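Below is one structure, written out as structure tokens; the observations come after it.
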Amino acid sequence: MTAPESGVLYLCATPIGNLEDITLRVLRVLQEVDLIAAEDTRHTRKLLNHYDIRAELTSYHDHNRRSKGENLLQQLAAGQNVALVSDAGMPGISDPGEELVVEALKRGIPVIPLPGPSALITALVVSGLSAERFVFEGFLPRKNKDRAGRLSELATEGRTIIIYEAPHRLIKTLEELLNCLGDRPACAARELTKRYEEVRRGSISQLLEHFSAHAPKGEFVLVVGGYSGSRETAAEGWEDRSLTPDEQVRILTDEGLSPNEAIKKVARLMGISRRELYQRLKTNRTGKEK
């Protein structure tokens, strides 16, 4: 008895807001597949109900990606066709769909993308910044040390930078971008294609001022201009890992920052507490005096 031919894993782009932003091809495939794997079944069910699609639905998200991923791969290997969808946009972008695609390809399972809406491209083309060359960073790392390293790399990135951010972390991220990259042109887009869509353009400092006065709501896409060869801040010091904390603080104070502000910025980029950095500076200075 021969083994059944494997099924197909379809990557289906779904609306990022407005339910009308979906292709006819995606609608057809969602009707025809044996199973739809969704990031949030409640969210996807609303989409399916809107288009009167009666399909079997199962969850596949970050918390069950290993166990459920293996189950989906077994069903695909047995000849079942599976459509993978995220809550919004193209699956595989900043979600566990990437792992499923990689494993499916390793096992020889066909993977077919069905293009459609993408929050990062939508924000880029409406930002007014260069779309000729760009880099997508997704969500910045959470750990201070990893985050500082990534921001240091972006300080001299010449391409337009695209970042995803949650509303409760937006202010912190804008502050860090301002400190590390300088006051570049930028755009903050939220609730794209939805009722309360907002696209705000200006400098990073202007965005920071606005959202400090108006509480951020909704998921954000930040688009930041690339490095042009000059910066208004002394971020050059962050790139040279041979510089001591004293030297980094001195660079910033020479630029006019108060010692406290300079220590705060250096500590953030080094991924250490201000108290730890202050004690290190104090110890170094005491040693030199002796």
> Name the residues in the stretch 13-40 that are part of a loop (DSSP other than H, G, I, E, B) and either among the aliphatic types (A, V, I, L, M) or in contact (Cβ under 8 Å) with a residue 60 or more places away in the chain (or both), would you?
Replying inline: ALA13, PRO15, ILE16, GLY17, ASN18, LEU19, ASP21, ILE22, THR23, VAL33
> Within the stretch 42-59, is there a residue that is within 30 Å of ARG200 (Cα to Cα), among the small types (Gly, Ala, Ser) and either not in a helix (DSSP H, G or I) or not assigned by TED's automatic domain parsing to the domain that holds ASN18 (or both)?
Replying inline: no
>> I'm trying to understand the selection: among the residues of the stretch 60-71, which are over 25 Å from VAL221 (Cβ atoms) and either outside any helix (DSSP H, G or I) or assigned by TED's automatic domain parsing to the domain that holds GLU219 (or both)?
In response: ASN64
> Looking at (1) closer than 23 Å to ASN144 by Cα; (2) modelled with pLDDT of 75 or more, which is the only condition LEU243 fails?
Replying inline: (2)
> Filtering the stretch 153-194 down to residues that are among the polar types (S, T, N, Q) and touching a Ser or Thr at 6+ places or on another chain (Cβ under 7 Å), which residue is surrounded by the fewest Cβ atoms within 10 Å (Cβ to Cβ)?
Replying inline: ASN179
> Restricting attention to the stretch 194-212, does a residue exist that is of a type in the set (S, T, N, Q), assigned by TED's automatic domain parsing to the domain that holds ALA148 and part of a strand (DSSP E or B)?
Replying inline: yes
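The values are calculated or read from the model by the stated rules, or taken from the named source; none is laboratory data. Keep in mind that this is a model prediction, so the values were computed, not measured. With ideal geometry, Cβ positions are generated from the backbone for all residues, glycine too; neighbour counts draw on all protein chains shown.
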